[in-house]
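The values are calculated or read from the model by the stated rules, or taken from the named source; none is laboratory data. All figures in this text were calculated on a predicted structure; none of them were measured in a lab. Note: ideal-geometry Cβ built from the backbone for every residue, glycine included; neighbour counts use all protein chains shown. Keep in mind that these areas ignore ligands, DNA and RNA; they rest on the heavy atoms of the full protein, side chains included. Shrake-Rupley method; radii C 1.70, N 1.55, O 1.52, S 1.80 Å.
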Amino acid sequence: MPETETYADLHADATAVLSRWTATSPAAAANRDRTLALLAAGPVAMSRAHRPGHVTASALVLDPAGDRVLLCLHGKFRKWVQLGGHCEPADRTLAAAALREATEESGIAGLVVDPEPIDVDIHPVACQGGSLHYDVRFAVLAPAGATERVSAESEALGWFPPDRLPEPLADGTVQLVAPALATLARRVAG
């Protein structure tokens, strides 16, 4: 199956989600607009093979009270970062891609993703000899008593208070905390 057909559902979801999303910051709004422009290339923009850049999905995992966030010490660039990565052909929505990545990388069953993004970040990566990740980020809630398990992609996993994140911290991770906590508060109030 041609890649453009493989990613058709995910591309349609990404375009719809980002078109209606109210950004959480001016930078996120600018990155949303740049991501929508990338998506004009069609479903290929969802694939890591798209050299000009591709959409990825990540998740900031919170404990049920919002007292801790789960971060991984990334094996390749040795910084603490939220969980996430490349979209796969089987992913039908960006939120599902973020949830799959969070589950795979944390080993935690029963995670719940909020379907509204909390941020969009664009950053350079080494994919395809140099590309850009257009990373759409979501809040993911862990069940009470969740126990994490380190995956092959991480050196370590750790729970941290939102106001005391570890160093070295990847650029863009700290900006996820406030909108993720706001998402948790909205869910609790709702």
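Tabulated values for the structure
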read-out: Hey, Arg100 assigned to a helix (DSSP H, G or I) and under 29 Å from Ala8 (Cβ atoms) or not; value: yes
read-out: Candidates Arg92, Arg100, Arg78 - the one that is basic (Lys, Arg) and crowded, with 16+ Cβ neighbours inside 10 Å; value: Arg100
read-out: Qualifying residues in the range 1-24 (those that are hydroxyl-bearing (Ser, Thr, Tyr) and either open to solvent by 60 Å² or more (accessible area, probe 1.4 Å) or modelled with pLDDT of 95 or more (or both)) - the one farthest from the chain's Cα centre (by Cα); value: Thr4
read-out: Meets criteria (outside any helix (DSSP H, G or I), open to solvent by less than 30 Å² (accessible area, probe 1.4 Å) and in contact (Cβ under 8 Å) with a residue 40 or more places away in the chain) for Asp135; value: yes
read-out: Selected residue [surrounded by 17 or more Cβ atoms within 10 Å (Cβ to Cβ) and under 15 Å from the mean Cα position of the chain (by Cα)] from Gly53, Gly84; value: Gly84
read-out: Any chance Asp119 is farther than 23 Å from Val150 by Cβ, under 15 Å from the mean Cα position of the chain (by Cα) and buried (at least 23 other Cβ atoms within 10 Å of the Cβ); value: yes
read-out: Qualifying residue in the range 148-168 (condition: open to solvent by 50 Å² or more (accessible area, probe 1.4 Å), small (Gly, Ala, Ser) and at pLDDT 95 or above); value: no
read-out: Among residues of the range 28-50, those that are open to solvent by 10 Å² or more (accessible area, probe 1.4 Å), touching a residue at least 40 places away in the same chain (Cβ under 8 Å) and more than 14 Å from Val125 (Cα to Cα), counted; value: 6
read-out: Failed condition for Val113, given (1) touching a residue at least 60 places away in the same chain (Cβ under 8 Å); (2) touching a Leu at 6+ places or on another chain (Cβ under 6 Å); (3) part of a strand (DSSP E or B); (4) open to solvent by 10 Å² or more (accessible area, probe 1.4 Å); value: (1)
read-out: Which listed residue, of Val112, Val55, is of a type in the set (A, V, I, L, M, F, W, C) and within 19 Å of Asp9 (Cβ to Cβ); value: Val55
read-out: Test for Leu83: is it more than 30 Å from Leu157 (Cα to Cα) and touching a residue at least 24 places away in the same chain (Cβ under 8 Å); value: no
read-out: Check on Thr183, of a type in the set (Ser, Thr, Tyr), surrounded by 15 or more Cβ atoms within 10 Å (Cβ to Cβ), farther than 19 Å from Val17 by Cα and within 15 Å of the chain's Cα centre (by Cα); value: no
read-out: Residue match in the range 54-70 (condition: on the phi < 0 side of the Ramachandran plot, among the acidic types (Asp, Glu) and touching a residue at least 40 places away in the same chain (Cβ under 8 Å)); value: yes
read-out: Any chance Gly172 is modelled with pLDDT under 95 and either surrounded by fewer than 14 Cβ atoms within 10 Å (Cβ to Cβ) or hydrophobic (A, V, I, L, M, F, W, C) (or both); value: no
